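The values are calculated or read from the model by the stated rules, or taken from the named source; none is laboratory data. Everything numeric in this text was worked out from a predicted model, so none of it was measured. Here the Cβ positions follow ideal geometry from the backbone for every residue, glycine too, while neighbour counts run over all protein chains shown. Side chains included, ligands, DNA and RNA excluded: accessible areas come from the protein's heavy atoms. Shrake-Rupley method; radii C 1.70, N 1.55, O 1.52, S 1.80 Å.
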Amino acid sequence: MEDQFQKIFEEIKADPMNQEYTKKGIDPLYYADADARILIVGQAPGRVAQDTQIVWNDKSGDRLRDWMGVSHDEFYHSGKIAVLPMDFYFPGKGKSGDLPPRKGFAEKWHPRLLEAMPNLKLTLLVGSYATKHYLHLKSSAKLTDVVHNYQDYLPQYFPLVHPSPRNQLWMSRNPWFEEEVLPDLKHRIDQFLR
């Protein structure tokens, strides 16, 4: 199975779509393991994550681990948590944050990696790009409504807002998220990791 993951990794690097990164020595950033039980699908690596080659290596990652109720060690070294962003490369900075993930990237690479992870029990969809893609929602769908009705997508998917510190105002306006959603998330994560 390890050979299969390595083969896919090399194919991603060799893909003409990614040559701009490969030529600069930048590897695709994701984590996949045959034993993974929880999958996190987010937007794309941030600059710090790409530079350090460590997924969710920023303040958003700290908050995500807190939301999940997992330690740094469990997150990175248990082998039970996989991370497949919608794009495996930092897309660059835009006017109000990072640029969106490239179109067509997840459609091309996620199915092959998912097929190699048969033990997945729960997929966390972090942010609007992952949520709308995996739940086949219209672009007009409001993420707040989707997250508020997260139980509609269980047991396979658990939609979440992005854990960015920029979402502090959203958190204060939607206290139900911390009161109802996060305790359920932690409970489900605990079930699959223990």
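Here are the numbers for this structure:
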{"quantity": "Long-range amide H partners of residue 57 with built H, under 5 Å", "calculated": "49"}
{"quantity": "Sequence-separation-based contact order of the range 53-194, relative, with Cα cut under 8 Å and 6+ spacing, percent", "calculated": "28"}
{"quantity": "Sparse-neighbour loop sites [trypsin sites (Lys or Arg not before Pro); the range 17-58; at most 11 other C-beta within 10 Å; DSSP]", "calculated": "23, 24"}
{"quantity": "Helix-only mean residue ellipticity at 222 nm for the chain, each DSSP H run of n ≥ 4 adding -39500 (n - 2.57), per residue, nearest 500", "calculated": "-11500 deg cm²/dmol"}
{"quantity": "Per residue accessible area of the range 108-194, 1.4 Å probe, in Å²", "calculated": "56"}
{"quantity": "Matching label, volume of the Cα convex hull per residue in Å³ computed from the structure shown, candidates [x] 157; [y] 120; [z] 129", "calculated": "[y]"}
{"quantity": "Dipole magnitude of the range 29-186, debye to nearest 20 (Cβ charges: Lys/Arg +1, Asp/Glu -1, about Cα centre)", "calculated": "620"}
{"quantity": "Distance between modelled label sites at residue 54 and residue 136, nm, 7 Å Cα→Cβ extension", "calculated": "3.9"}
{"quantity": "Accessible carbon and sulfur surface of the chain relative to its total accessible area, %, 1.4 Å", "calculated": "50"}
{"quantity": "C-alpha center-to-center spacing [the range 99-121, the range 144-161] in angstrom", "calculated": "19"}
